[in-house]
1. Between residue 174 and residue 104, what is the FRET efficiency for a Förster distance of 22 Å, r being their Cβ-Cβ separation, to the nearest 0.05?
2. Quickly work out the residue 113-to-residue 138 label distance, labels modelled 7 Å from Cα along the C-beta direction, and quote it in nm with one decimal.
3. Nearest 500 deg cm²/dmol is fine: what mean residue ellipticity at 222 nm does the chain get from its DSSP H runs of n ≥ 4 alone, each adding -39,500 (n - 2.57), divided by its residue count?
4. Label points 7 Å out from Cα along the Cβ direction at residue 147 and residue 91: separation in nm?
5. Based on the mean of other Cβ atoms within 10 Å per residue, sort peptides 161-174, 51-64, 74-87 so the most packed one is first.
6. What ranking of 34, 179 emerges when the number of other C-beta atoms within 10 Å of each C-beta is taken as an exposure proxy, fewest first?
7. Tell me the relative contact order for the chain as a rounded percent, counting alpha carbon contacts under 8 Å between residues six or more apart.
8. To make sure I understand, if each residue's beta carbon is the centre and we count other beta carbons within 10 Å, what order do 70, 156, 138 fall in, fewest to most?
Ligand SMILES: C[S@@+](CC[C@H](N)C(=O)[O-])C[C@H]1O[C@@H](n2cnc3c(N)ncnc32)[C@H](O)[C@@H]1O
């Protein structure tokens with residue numbers, strides 16, 4: 001399945017580039033204006049009443065989309081180590097079905113085991129170093145419901161006008177090998193990104 005992404009403009013690319021090279025802390029937009037949200041949501045098939053974890057949520061723009069889709073009987077946990085982003089999101093989403101938490105998904109989090117229908121990470125995994133991948137796999141395995149899905153958005157491992165160094169990017173195949181979950185689908189998201197969906201097995 002190939003979706004046409006929204007075409008980022010030069011301001012979007014410059015902003016993402018600054019973030020990816022660590023020139024400023026992004027607290028906010030990050031990939032928001034670069035990714036085709038509708039293509040992602042259509043591939044994720046989120047249902048009413050589901051429990052979703054947006055790990056490395058940044059400003060939480062996808063958490064808000066998930067919140068709408070899971071409805072009043074569902075719950076979205078928005079997790080990020082960045083205290084300022086989480087404080088802002090918590091304030092903004094008070095009284096909704098979004099629970100904003102400061103935390104690190106590569107370690108054990110105070111979240112219920114086997115409770116998540118979906119764990120979503122957008123442009124987060126390439127930043128994991130050393131033991132973090134192993135810690136991430138253990139925590140995802142603990143948190144996912146038996147029929148739950150892990151969905152990872154990453155930047156392609158090709159020359160792009162922005163983004164992290166090639167040596168820390170994952171091709172879809174490298175991502176599948178590194179995480180070891182069963183692949184359900186790989187979805188191209190325009191020129192620069194892809195979505196890899198895994199099943200819990
Ligand atoms: C490039 S930003 C992407 C933010 C958002 N997912 C998006 O697509 O706009 C990467 C985010 O991952 C967060 N992050 C980094 N390490 C993390 C970890 N170990 N656990 C959870 N989030 C992490 C960062 O604080 C940052 O907000």
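What follows draws every value from the coordinates through simple rules; no lab data is involved. Please read all numbers here as calculations on a predicted model, not as lab measurements. Here the Cβ positions follow ideal geometry from the backbone for every residue, glycine too, while neighbour counts run over all protein chains shown.
1. Computed FRET efficiency for residue 174 and residue 104: 0.45.
2. 1.4
3. Here the helix-only value at 222 nm equals -8500 deg cm²/dmol.
4. Rounded to a tenth, the inter-label distance reads 4.1 nm.
5. 51-64, 74-87, 161-174
6. In increasing order of surrounding Cβ atoms, one gets 179, 34.
7. Worked out over the chain, it gives 21 percent.
8. Lowest to highest Cβ neighbour count: 138, 156, 70.
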